[in-house]
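The values are calculated or read from the model by the stated rules, or taken from the named source; none is laboratory data. Quick caveat, the model's predicted, so the values are computed rather than measured. Note: ideal-geometry Cβ built from the backbone for every residue, glycine included; neighbour counts use all protein chains shown.
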């Protein structure tokens, strides 16, 4: 039974990563059209498409836009999420149950619909769409996620620690700096990672709200629907590797911080 | 002779710390979530051909929505049916998976969980496109089978079935992690006690594990259902127009068809269905217990 | 240890008519208490008696609904915990898990702006005082045992240099042996530093060994306060008497002939003056004795031995007389009747505690 369950887990994992592997292979093949297996295993590989992607000015602009949106979203989402998490899990207040449900609601709505609704709203207000509006749309979906991630940490935090600090003479600010923030730090850090990566990979919200500012997922979708180019899997794979590197670096930093503390 | 105000009323005028902490998020959701949905609602009752909410109310868009001749009710039925099938399949896949994650991997469970989270950070288009590359003629599957002399691979691409498979694939983490949270709510001793009292494995699942884990399982079902109901890319990239979900009808209405009120009515209908479901389910779940592991 | 403690009459901390409730349910129902300078006072009560709420009021973590708290005759009811020169050792200890042992102990000095060098010196001195190995200075809190954590929490509280230290059953999570030795150390530390300690616990044995005085809390009120000896020998009521151990209880009513239980009239202490028509007579199990042949006592009952259990220093016999169970303690080594035997038991009126019911 245990072996069966382990096997099942590994099989599902293999299926999860199979398409990512296919994309990586397609981006590395020399030919204009994807053929598998290659006729010549030794010679049919090349980094040509990767080089083409890396050299394209258009794509550099996309990456810059995606990074800008992700960075802005990360900073804001952590600020919003930290406050939200305290309201969600810490303070006992009358509207709390109601607030908890409201925060979860955007997660339960189809993202294309949220994106469209935001587009119409910005249109009504006379705000032109661009990276700023895309960041707002991302926040509506990402702030709830960050709130939940930090809230889980807040639940595990014993309020007696703050009381003890107050009892030992620490001011409100000193309690916040010396006790609350360090205790919530792991949650804040994972929340920031989630915010960055979810924004970086988001397509349905950007589709409607980024306007003329292209993002990497938007560009990929346009090319996929239009026809095949190996630049699509090449850029997709590069984006995937970038996300993996960010995740790995984030985990390493968290581990380092834990080892020191 | 002004008497000092009673302490009680003074306290009421000051915001509670909870409300103060909630204020930024509430403001964001009011601006980026509630107001846009209100705009959609206003747009859906605007006269045909308008591109901004216009004074109405004009119910033509809603009339077309429920007209069987227009094919839209069918589109809704197909979409919700696919979403329901996605939920059922994900439950079957994720219950054993979540059990394994909670109980079997020990110190590796962090790594295995991360491997399941990571795809969330890769644009779903890229992953779906990867499936197209697997299933294409001369793709990963077809090519491998041919090379092994097993004949041509199955012709699955551009069918309704592969659309469903794509939806299951994309939404797996949204089922898996709430179920993991739910299963870790089940105290080990209750399962041991049930076994000690002579309950079979199936009985233990039916009578102990599933009821205790139900908050997580319900949240997973809710998330996957609502997200699948709004799914767009699966039908486009893998299904090749063999199925047309509501989300695509909406997109068409806003782009080619230039029918903004019609699109808004469809969007609002979808929001109302998923929103009602979400509110009904969330009202029944104790989030403090699920997230705070308070037994 | 139980000799009254310091005799200074001026209280360091005084509570006047303290009242506190939550959601309309009263928890503290009017407490007046004067805590003396340099004494070790324990507050004992069952769970739900309001012990922890009382301590939170004293530390300033809760505001009373009514009443005042005075420190050296200065009102401090409205001061925040930061402003009060008192310090609480929490039940959970509330050590900061992200700080080292040294970081925890230095915390109150750090927030007060004491420079790093002086902080370290003070922390090391305090570690020596609470008998913590200096090598622990850089250790993570998570790596410490329960007893070591107690010492860190104590050192941290002392670093604040409070005028009064409060303890919220900090020893309750430890095993019995450790609890006993740490309790003795705590009492010694209190005597050595001369600070005022207020210690809250549900475990009476713990309080008995450490305290100058004990206050017994019952349902949000102080039932009695006094030295452990006073409380044991002269409890004001049945609640306090039962807090201090097992009892044989006779429920009495009054008629023209005096006190009786269903017509049986035990001899009572002569000076007992009870108003009302109902009273209890209480006799400790060690005050009952077995009467040998020819031996007499003012009170005498024929009884049958039902069971005999060894409780370490003494044996406890359960006897049946007058249709109910009587408890009788015999020291180790004294010959004991076998279960089933018929014996005579007796006691002196002076050992009877008579209180209104």
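Key figures
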item: Residue match in the range A:254-261 (condition: touching a strand residue (DSSP E or B) at 6+ places or on another chain (Cβ under 9 Å), closer than 30 Å to residue C:81 by Cβ and either modelled with pLDDT of 90 or more or not in a helix (DSSP H, G or I) (or both)); result: yes
item: Wholly enclosed helices (runs of 4 or more DSSP H) of the range B:188-295 bearing at least 2 residues over 26 Å from residue A:154 (Cβ atoms) and modelled with pLDDT of 85 or more; result: B:188-196, B:201-204, B:210-229, B:233-237, B:246-254, B:260-283
item: One residue from C:266, C:228, C:235 being over 17 Å from residue C:352 (Cβ atoms) and crowded, with 18+ Cβ neighbours inside 10 Å; result: C:228
item: Hits in the range B:136-172 (condition: more than 9 Å from chain A (Cβ to nearest Cβ) and either assigned to a helix (DSSP H, G or I) or crowded, with 23+ Cβ neighbours inside 10 Å (or both)); result: B:145, B:160, B:161, B:162, B:163, B:164, B:165, B:166, B:167, B:168, B:170, B:171
item: The range A:26-42: number of residues that are within 7 Å of chain B (Cβ to nearest Cβ) and in contact (Cβ under 8 Å) with a residue 40 or more places away in the chain; result: 2
item: Residues located in the range A:90-104, provided they are in contact (Cβ under 8 Å) with a residue 12 or more places away in the chain and at the interface with another protein chain (Cβ under 7 Å from one of its Cβ atoms); result: A:99, A:100, A:103, A:104
item: Pick from the range C:100-118, criterion touching a helix residue (DSSP H, G or I) at 6+ places or on another chain (Cβ under 7 Å) and more than 7 Å from every other protein chain (Cβ to nearest Cβ), ranking: surrounded by the most Cβ atoms within 10 Å (Cβ to Cβ); result: C:105
item: Qualifying position, being facing chain B (nearest Cβ under 10 Å), outside any helix (DSSP H, G or I) and within 30 Å of residue A:46 (Cα to Cα), among A:228, A:221; result: A:228
item: Given (1) surrounded by 13 or more Cβ atoms within 10 Å (Cβ to Cβ); (2) in contact (Cβ under 8 Å) with a residue 24 or more places away in the chain, index of the condition residue C:251 fails; result: (1)
item: Single residue of the range A:233-243 satisfying the filter (touching a helix residue (DSSP H, G or I) at 6+ places or on another chain (Cβ under 7 Å) and without any contact (Cβ under 8 Å) to a residue 60 or more places away in the chain) that is nearest to the other protein chains (Cβ to nearest Cβ); result: A:243
item: Subset of the range A:2-24 [free of Cβ contacts under 8 Å to residues at least 40 places away in the same chain, under 19 Å from residue B:133 (Cα atoms) and more than 7 Å from chain B (Cβ to nearest Cβ)]; result: A:14, A:15, A:17, A:21
item: Condition met for residue A:87 (within 7 Å of chain B (Cβ to nearest Cβ), over 14 Å from residue B:28 (Cβ atoms) and part of a helix (DSSP H, G or I)); result: no
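Let's see how each residue does on (1) in a helix (DSSP H, G or I); (2) surrounded by fewer than 24 Cβ atoms within 10 Å (Cβ to Cβ); (3) within 10 Å of chain B (Cβ to nearest Cβ):
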| position | (1), (2), (3) |
| --- | --- |
| A:123 | yes, yes, yes |
| A:152 | yes, yes, yes |
| A:189 | yes, yes, no |
| A:200 | yes, no, yes |
| A:211 | no, yes, no |
